[in-house]
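The structure under discussion appears below in the form of C-alpha cells.
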Amino acid sequence: MGELFSRIEHSRTADEVVLQIEGLILEGVLAAGDRLPGERELARQLDVSRPILRDALKDLETRGLLVTRPGGGTYVGDVIGQVFARPVMDLIVSHPKASADYLEYRRDIEGIAADHAARRATQEDLAMLAGIVRRMEAAHLGGDFDEEAAIDVEFHSAIGECAHNIVLLHTLRSCYRLLSDGVFHNRLLLFRQPGARELLLVQHKQIHAAVVAGDPAAARKAAAGHIDFVGRALADADRSGGWRRVSQLRLAQRSDARATAAGRTEIQTG
C-alpha cells in the first residue's frame, strides 16, 4: 500500500502542508478519528522540515481539524459534527413524522449518490466496495446482527465516497451519524424482522452490481427501492411491536382475572 501523504514538490511551506491535509479531509480520505503518522514519518512523507510541519499542524489544530492527544498522537477532529442541536434532536426522537421525513431524505440523497457512483467509481473504489460486500456476506452467514448492521452503514457511506462529490460525501456522513447513534430507529430492530436480513443483503448487492456495471439509472432505482423497503419493514416492526404489547397486556389481564376468580371460588368453598 502506498503512502497516504505525497511529497511537496515546490515551495515547502506550512501553507502547502495545510492545503494537502485539508484536501485529504475534504475528500474523505482522512475521516474523523483517523490518526496521522508520527511527526518524523509525516515530515519524511511530505518532505518538509519538522518546524514547518509543526506550524502546519498547529494551524489545523487551532481550527479544529486536528486534535492532539498528549503522548497519544495527532488525530483528525470531529469534522462531521452534529446536524442538529440537542434540543432539536430531542424533538425529532419524540415525533414519529421525523423518522418518515428522514427516510424520505435518505431515499433522495442515496439515489443521487448511487447515480454518481455508477458514473464515477474508479477501479480502487470498486475494489473497496467488493471488500465491503464480502464482509457483509460473511457477517450474514455468521448470523452476526451487530456486525451486519455496522457494515450496512459502512456500505452506504462507501457509495457516497464513490460519488466523488465533497458536499454529498459530508452530508451523507452526517446523515449516517444520526443512524449510527440510533436517533431515528434501532437498526437491529430492522435486522430482526423475519426475512429482512436476506432481502437487505440482496438489495445491497443490487446497488453494488449497478455501480460496478456503470448503470446510473439502475443504481438510483436500486437505492430508492432499498430505502422503500426499509421504511415498510420498520413500520411493520413498529406495528407488530404495538400488537405484541397489546397481546401481553391482554394475557396479563386474563391471568389476573383467572387468579381473582380462583380466589373467589376458594373463599366461597372454604
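Laid out as a table, the results:
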{"read-out": "Enumeration of residues in segment 113-126 that are in a helix (DSSP H, G or I) and not charged (D, E, K, R)", "value": "ALA113, ALA114, HIS116, ALA117, ALA118, GLN123, LEU126"}
{"read-out": "Positions within segment 68-99 being touching a helix residue (DSSP H, G or I) at 6+ places or on another chain (Cβ under 7 Å) and at pLDDT 80 or above, in sequence order", "value": "THR68, THR74, VAL76, ALA98"}
{"read-out": "Single unsatisfied condition, ARG35 versus (1) on the phi < 0 side of the Ramachandran plot; (2) modelled with pLDDT under 90", "value": "(2)"}
{"read-out": "Subset of segment 135-158 [under 23 Å from LEU169 (Cα atoms) and touching a residue at least 40 places away in the same chain (Cβ under 8 Å)]", "value": "MET136, GLU148, ALA149, ASP152, PHE155, HIS156"}
{"read-out": "Long-range neighbours under 9 Å by Cβ, at least six apart or interchain, first residue touching a residue at least 40 places away in the same chain (Cβ under 8 Å) and assigned by TED's automatic domain parsing to the domain that holds ALA196 within segment 206-231, second assigned to a helix (DSSP H, G or I) and hydroxyl-bearing (Ser, Thr, Tyr)", "value": "GLY231/SER99"}
{"read-out": "Condition met for GLU110 (free of Cβ contacts under 8 Å to residues at least 40 places away in the same chain, closer than 30 Å to GLN203 by Cβ and assigned to a helix (DSSP H, G or I))", "value": "no"}
{"read-out": "Within segment 161-251, helices (runs of 4 or more DSSP H) holding 2 or more residues that are at pLDDT 80 or above and buried (at least 19 other Cβ atoms within 10 Å of the Cβ)", "value": "166-180, 196-213"}
{"read-out": "Members of segment 100-121 found to be of a type in the set (A, V, I, L, M, F, W, C) and at pLDDT 90 or above, listed by number", "value": "ILE109, ILE112, ALA113, ALA114, ALA117, ALA118, ALA121"}
{"read-out": "Every residue from segment 138-154 that is over 15 Å from the mean Cα position of the chain (by Cα) and surrounded by 15 or more Cβ atoms within 10 Å (Cβ to Cβ)", "value": "ALA139, HIS140, PHE145"}
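The values are calculated or read from the model by the stated rules, or taken from the named source; none is laboratory data. Every value quoted in this text rests on a predicted model; they were computed, and no experiment measured them. Cβ atoms come from the backbone with ideal geometry, glycine included; neighbour counts cover every protein chain shown.
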